[in-house]
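Quick notes on the structure that follows.
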Amino acid sequence: MASSTTKDHSHIEIDGINEESQQMTEKDIVEKDMAPLPGSSIHRSSSRPQLDVSGAAIQGNFEEKDPAILLPNQTDDISHLALDIGGSLIKLIYFSRHADRQVDDGRKRKVKERLGVTNGSRRSYPILGGRLHFVKFETSKINECLDFIHSKQLHCGGMDPRCWPSDAPPSENAVIKATGGGAYKFADLFKERLGVSIEKEDEMNCLVSGANFLLKAIRHEAFTHMEGHKEFVQIDQNDLFPYLLVNIGSGVSMIKVDGDGQFQRVSGTNVGGGTYWGLGRLLTKCKSFDELLELSQRGDNSTIDMLVGDIYGGMDYSKIGLSASTIASSFGKTISENKDLKDYKPEDISLSLLRMISYNIGQIAYLNALRFGLKRIFFGGFFIRGHAYTMDTISFAVQFWSKGDAQAMFLRHEGFLGALGAFMSYEKHGLDDLMVHHLVERFPMGAPYIGGNIHGPPLGDLNEKISWMEKFVRKGTEITAPVPMAPPATTGLGGFEVPSSKGVLRSDASKLNVGVLHLVPSLEVFPLLADPKTYEPNTIDLSDHGELEYWFTVLSEHLSDLVDKAVASEGGTDDAKRRGDAFARAFSAHLARLMEEPAAYGKLGLANLLELREECLREFHFFDAYRTIKQRENEASLAVLPDLLMELDSLTEDMRLLTLIEGVLAANIFDWGSRACVDLYHKGTIIEIYRMSRKKMQRPWRVDDFDAFKERMLGFGDKKPQPHKRALLFVDNSGADIVLGMLPLARELLRRGTEVVLVANSLPALNDVTAMELPDIVAEAAKHCDILRGAAEAGGLLVDAMSNIQDGYKENTPSVPLMVVENGCGSPCIDLRQVSSELAAAAKDADLVILEGMGRSLHTNYNAKFKCDALKLAMVKNQRLAAKLVKGNIYDCVCRYEPAS
Ligand SMILES: Nc1ncnc2c1ncn2[C@@H]1O[C@H](COP(=O)(O)OP(=O)(O)O)[C@@H](O)[C@H]1O
Ligand SMILES: CC(C)(COP(=O)(O)O)[C@@H](O)C(=O)NCCC(=O)O
Ligand SMILES: [Mn+2]
């Protein structure tokens with residue numbers, strides 16, 4: 001499929017519910033002809049496979065809403081769908097590409113030129129800006145799977161389903177990669193129903209390449225699970241092999257893995273997931289696997305299992321290390337009593353069976369690890385189903401028999417190893433070149449909430465998604481405050497006791513803890529991090545229960561205000577209200593889900609929660625909820641900027657620097673994400689609040705390294721230091737924060753001969769200023785200031801704006817440039833392991849980093865160490881954080897300076 005050479009008719013692809021739509025007009029095609037398609041990320045690189053659009057033409061009626069576009073000279077099909085058809089379940093992974101929303105504007109071009117951003121330094125990947133989706137079906141319902149593939153036209157390889165006439169056949173030799181026994185068994189059915197051939201891939205090979213990929217590329221993939229406690233394990237790439245891979249599907253395979261493509265199936269057992277589900281169904285009459293698993297949570301296995309204590313009159317058999325509660329014989333009790341099946345509780349049977357099979361697999365796995373001297377055992381397969389008791393039992397068996405020498409680990413994508421491997425077997429997709437920082441996992445509704453299980457037809461668009469949510473997801477506003485936290489679900493010592501009734505398994509709604517995997521090859525690790533390996537963005541550890549509960553309450557309480565702003569930003573229409581309601585449901589559902597299982601989506605930090613909220617807004621098409629507020633505050637602040645600049649210019653150098661830093665801290669009060677601040681805004685105008693805030697700036701601040709910073713900037717006595725060459729200013733909020741705080745500071749640096757790069761969000765988040773908005777703000781400010789004007793011109797920021805300036809004045813002296821780059825994120829916080837290539841390029845010559853605001857310098861990066869000088873500036877607008885982080889109070893300020901380390 002990937003390297004097909006036939007001249008078939010291929011189509012531009014866009015996928016389902018969350019994708020931005022991309023339409024081509026006839027004009028586009030005629031004008032662009034050989035050129036890349038507009039706005040599409042596919043075509044920027046010279047990588048294969050590319051779409052050959054030469055000779056492209058619209059098929060059929062031009063008036064049609066989404067006419068099919070024929071690309072007759074397109075030779076490379078794009079790998080798109082892979083399957084693992086097992087004895088119990090079909091696992092399906094499909095790839096979707098989404099339109100590139102980025103605009104290659106003048107600013108970008110100029111910045112790229114100046115910073116030397118080229119694609120040359122990076123590998124070019126055929127898969128750009130795409131997403132991997134994970135879905136599963138019961139094998140017995142293969143027709144649902146075929147319908148799903150057909151309705152999304154996944155078998156047609158890289159095409160927009162809406163461009164494809166429903167009865168059009170896929171190309172003649174279209175091939176889908178598949179593994180698992182069903183690849184053989186159902187090959188004819190695929191040909192018949194979808195007209196595609198199945199290319200079979202070896203199952204063991206797929207399991208291994210899937211596991212190796214996950215362990216290499218997903219940061220929080222592997223975890224331990226002991227006595228109800230889940231902990232993510234940081235895998236060292238250089239110390240991964242050898243390991244034992246135990247895949248618990250219908251049956252069980254045990255594979256010794258020595259490297260990529262190097263493995264041997266060393267053992268297996270026929271007592272596996274199929275045994276539990278099959279026997280369980282017969283014995284309990286359960287209708288589904290999950291029902292059986294849920295039953296086990298209420299079970300008591302001591303009514304079924306014969307315990308050591310039953311044999312030894314309630315005593316331990318301590319001489320050989322067996323306690324009275326140890327199971328001597330699974331199901332052993334059922335022989336000694338004169339009872340029938342109906343006399344036993346299905347709950348007890350299910351638990352006993354689950355424990356018997358899990359323990360047995362754990363024990364056999366350990367014995368094989370012992371055979372080959374392997375210390376690490378990774379367990380995959382859908383038998384595990386993220387179920388606490390299953391994992392605890394397996395862990396206990398491994399721990400008990402190895403006396404702690406070997407470790408059982410589990411994988412978040414547990415059942416998808418084979419399907420991933422099959423997907424990776426397409427040649428030339430570049431997936432195995434991706435590194436951990438290129439992948440971002442997101443959790444849209446429809447991923448966790450359909451749980452990867454498809455019921456009925458796939459959701460076609462946002463409207464269908466909202467309707468689906470209205471039916472199935474609890475109304476958001478009902479969860480205005482978090483439900484009290486249950487202690488972590490513990491299954492008791494050694495996993496032998498009755499599991500706590502509040503287990504992790506939830507109803508059908510949210511089964512898989514697997515999101516949509518975004519592949520973003522342009523992301524890079526921020527080059528100025530002192531040690532990316534030990535870098536942890538989050539300051540606050542949410543594994544502390546009290547902390548988690550607190551932040552959940554904050555976010556829940558903020559929700560209704562946020563919905564109001566979001567709905568207003570879209571004109572308050574009925575449609576906006578409906579979307580607002582759906583957003584509230586969705587975000588509350590995420591919170592409820594994470595409250596039950598904080599590690600459900602990987603390791604959870606406050607930054608992840610804040611980003612989840614922004615992503616969730618975008619999912620319901622609220623692209624900039626604070627748009628109006630931002631505009632209003634920008635205007636008000638720009639109006640007072642000239643006075644502020646005059647005031648600053650009248651000060652001595654020393655005083656000016658202090659006043660500038662004070663100004664940044666004071667202006668950081670304009671934060672629409674903080675409850676306390678929002679309450680303040682009802683009490684005065686923007687300028688009144690700004691003045692009040694400035695007046696209250698009294699040194700020493702709660703964290704006050706100003707003197708050290710001043711010495712670096714201005715020197716001591718007669719010693720005048722070299723100015724910094726280039727400063728990166730990570731800016732925060734719109735309005736006063738940027739206009740009266742950060743821009744004047746940038747101006748001071750420029751005046752001292754330091755190049756300044758303003759680093760702003762790529763996408764809106766709360767009232768943060770974005771990289772798109774900054775050039776206009778700078779242009780406005782530059783009207784009042786020659787320094788800013790010269791620098792902005794030199795940095796290419798005034799390309800369009802300059803023509804509007806009437807006074808005819810032009811700076812003649814060459815100026816150091818003022819530039820703007822986007823940071824690659826859309827969150828109030830920043831994870832410096834995944835930033836835009838623009839920012840990474842700007843960082844190369846930088847010797848000063850200034851992080852501003854609570855999100856970027858306190859919630860994240862407070863403890864980050866840099867290779868260059870770093871200044872962290874923020875006002876702490878939350879009482880608890882102030883107390884915890886700086887032993888202070890709300891509205892205290894932080895000015896933390898750390899010279900290069
Ligand atoms: N919804 C489900 N329906 C059936 N079995 C399930 C389901 N969820 C988890 N399982 C368990 O997962 C096993 C199948 O695991 P999987 O890794 O998909 O293997 P296979 O490739 O053999 O189908 C089943 O035997 C059962 O124990
Ligand atoms: C979301 C924020 C990090 C934004 O702060 P900023 O970076 O703009 O200074 C902050 O407003 C916050 O932590 N808010 C939640 C806490 C509260 O409402 O008190
Ligand atoms: Mn902010």
Row for segment 689-786, column shape: gyration tensor on C-alpha, a ≥ b ≥ c, rounded if a/c < 1.5 i.e. under 1.5, prolate if a/b over b/c, else oblate; value oblate
In this structure, the FRET efficiency calculated for Lys865 and Lys783 from their beta-carbon separation, with R0 = 30 Å, to the nearest 0.05, is 0.15
With a ≥ b ≥ c from the Cα gyration tensor eigenvalues, square-rooted, and the rule rounded for a/c under 1.5, otherwise prolate when a/b > b/c and oblate otherwise, segment 306-370 is oblate
From the Cα centre of segment 646-696 to that of segment 554-599, the distance in Å is 30
For Ala883 and Ile687, extending 7 Å from Cα along the Cα-Cβ vector and measuring point to point gives, in nm, a value of 3.8
With +1 on the Cβ of every Lys and Arg and -1 on the Cβ of every Asp and Glu, the dipole magnitude of segment 180-323 about its Cα centre, in debye rounded to the nearest 20, is 380
For segment 561-626, listing chymotrypsin sites (Phe, Trp or Tyr not before Pro) in a DSSP loop whose Cβ sees at most 15 other Cβ atoms within 10 Å gives Phe623
Here the net charge surrounding Gly180, from other residues whose Cβ is less than 14 Å away from its Cβ (Lys, Arg +1; Asp, Glu -1), is -1
For segment 327-405, whose charge dipole is built from +1 on Lys and Arg Cβ atoms and -1 on Asp and Glu Cβ atoms, the candidate among Leu367, Tyr344, Phe400 with its Cα farthest towards the positive end is Leu367
Given unit charges at Cβ for Lys, Arg (+) and Asp, Glu (-), the dipole magnitude of segment 326-391 about its Cα centre in debye, nearest 20, is 380
The FRET efficiency for Leu367 and Asp432, from their Cβ-Cβ distance with R0 = 41 Å and rounded to 0.05, is 0.80
Rounded to one decimal in nm, the spacing of the 7 Å Cα→Cβ label points at Ser543 and Val266 is 2.9
Among trypsin sites (Lys or Arg not before Pro) in segment 610-642, those in a DSSP loop whose Cβ has at most 16 other Cβ atoms within 10 Å are none
Sorted by chain and then number, the residues having a modelled amide H within less than 5 Å of the amide H of Ala324, at least 5 places away or on another chain, are Asp316, Tyr317
Low-density loop GluC sites (Glu not before Pro), segment 284-352, at most 15 other Cβ within 10 Å, DSSP non-H/G/I/E/B, are Glu337
If unit charges are put on Cβ atoms (+1 for Lys and Arg, -1 for Asp and Glu) and the dipole of segment 647-722 is taken about its Cα centre, the option from Thr685, Leu657, Pro721 lying farthest towards the positive end turns out to be Thr685
Cβ-Cβ cut-off under 10 Å around Leu839, Lys and Arg +1, Asp and Glu -1: the net charge is -3
Between the modelled labels at Gln698 and Asp461 (7 Å from Cα along Cα→Cβ) the distance in nm is 6.0
Residues whose modelled amide H sits under 5 Å from the amide H of Tyr891, counting only those 5 or more places away in sequence or on another chain, are Val876, Lys877, Asn878
Heavy-atom accessible area of segment 627-898 with neighbours in place, 1.4 angstrom probe: carbon+sulfur share in percent works out to 51
Rounded to the nearest 10 Å², the 1.4 Å probe accessible area of His220 is 40
Rounded to the nearest 0.05, FRET efficiency between Glu536 and Glu231 (Cβ-Cβ, R0 25 Å) equals 0.95
If amide H atoms are modeled at 1.01 Å from N in the peptide plane, then the residues at a separation of 5 or more from Ser267, or on another chain, having amide H under 5 Å from its own are Met254
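The values are calculated or read from the model by the stated rules, or taken from the named source; none is laboratory data. Here the structure is a predicted model, which is why all the values come from computation and not from measurement. FYI the Cβ positions are ideal-geometry reconstructions off the backbone, even for glycines, and counts take in every protein chain you see. Only protein heavy atoms, including side chains, enter the accessible area calculation; ligands, DNA and RNA are left aside. Shrake-Rupley method; radii C 1.70, N 1.55, O 1.52, S 1.80 Å.
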